[in-house]
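In what follows, a structure is listed as C-alpha cells, so that the remarks can point back to it.
The values are calculated or read from the model by the stated rules, or taken from the named source; none is laboratory data. Here the structure is a predicted model, which means the values were calculated and not measured. For neighbour counting, all protein chains shown are included, and Cβ atoms are generated from backbone atoms with ideal geometry for every residue, glycine included. The protein model used for the area step is the full one, side chains on, heavy atoms only, and it has no ligands, DNA or RNA in it. Shrake-Rupley method; radii C 1.70, N 1.55, O 1.52, S 1.80 Å.
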Protein chains: 2
Amino acid sequence: MDSMALELFGLVAGAVTSAGFIPQLVRGYRTKKLEDVSYFMPIVLTAGMTLWFIYGLFLGALAVIVANIFGVGCCLVLIIMKKIYA
Amino acid sequence: MDSMALELFGLVAGAVTSAGFIPQLVRGYRTKKLEDVSYFMPIVLTAGMTLWFIYGLFLGALAVIVANIFGVGCCLVLIIMKKIYA
C-alpha cells in the first residue's frame, strides 16, 4: 500500500473509531442518563488520545492527528453531559 | 525524537488509551449494570480499532498494533458483560 493510500486507510480507521463515541452521546442525550458510564473512561481516554495526538504529530500521520482531536472532543462532551445529568 | 523514543511514546499513549476502558469494565462488574452504555459504542470501536490495527501493521508501528489488540479485547468484554447483565 503506498503512503497516500495508507493515510486514507488511517483516516477511515480514525473516522470509524471517533464515530464510536457518537451513539454513546446520542443515547446519553436521549435518556438524560449516564449513571452506568464511568467518569474515568472519558477522562483516561482524553489523556491517552492527547498522547496519541502528539505521537501523530511526531510521526506526521494526519489520520492519527485528526482522529484524536475528534476523539478528545467527544470525550469532553461526554464528561460535561455526565456532569449535567448527574 | 528518534524512532525508538517515538515508539516508546506511542506505547505509553496506547497503554493509557487502552487503560481507559478498564474503569468502565470495573464499574460494570461492580454494579452489574451497563444499561446507560450504548451497545453501538463498543461495536463501532471494535470495527475502528480493527482498522487501526491493520493500519499499524502496514506502518510497522508496534504501539498502534499492541494498543488496538488490547482495545478490541476490552470492547469485546464490554459487549459480553452488557449482554450478561441485560
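With respect to A:LEU76, determine if the residue is within 11 Å of the chain's Cα centre (by Cα) and either over 16 Å from B:GLN24 (Cα atoms) or surrounded by fewer than 18 Cβ atoms within 10 Å (Cβ to Cβ) (or both).
Answer is yes for this residue.
Could you check A:ALA47 against (1) out of contact with any Leu (no Cβ under 9 Å at 6 or more places or on another chain); (2) at pLDDT below 95; (3) of a type in the set (Gly, Ala, Ser) and say which number it fails?
Here A:ALA47 meets the rest and fails (2).
Do you know which residues across region A:1-13 are open to solvent by 40 Å² or more (accessible area, probe 1.4 Å) and at the interface with chain B (Cβ under 7 Å from one of its Cβ atoms)?
Result: A:MET1, A:PHE9, A:VAL12.
Just to be sure before I move on: is B:TYR39 of a type in the set (Phe, Trp, Tyr), open to solvent by less than 20 Å² (accessible area, probe 1.4 Å), within 9 Å of another protein chain (Cβ to nearest Cβ) and closer than 20 Å to A:ALA19 by Cβ in the structure I sent?
In short, no.
Which ranges mark the helices (runs of 4 or more DSSP H) fully within chain B that have 2 or more residues being under 17 Å from A:ILE65 (Cα atoms) and free of Cβ contacts under 8 Å to residues at least 40 places away in the same chain?
B:3-19, B:40-59
For region A:42-69, which positions are under 22 Å from B:TYR39 (Cβ atoms) and surrounded by fewer than 24 Cβ atoms within 10 Å (Cβ to Cβ)?
Correct list: A:VAL44 only.
For region A:45-76, give me each residue that is touching a helix residue (DSSP H, G or I) at 6+ places or on another chain (Cβ under 6 Å), at the interface with another protein chain (Cβ under 8 Å from one of its Cβ atoms) and over 18 Å from B:ILE54 (Cα atoms).
Scanning region A:45-76 gives A:LEU45, A:ALA47, A:GLY48, A:MET49, A:LEU51, A:PHE58.
Can you tell me which residue is least open to solvent (accessible area, probe 1.4 Å) among those in region B:14-27 that are at the interface with another protein chain (Cβ under 7 Å from one of its Cβ atoms) and among the small types (Gly, Ala, Ser)?
Among residues in region B:14-27 that are at the interface with another protein chain (Cβ under 7 Å from one of its Cβ atoms) and among the small types (Gly, Ala, Ser), the one least open to solvent (accessible area, probe 1.4 Å) is B:GLY20.
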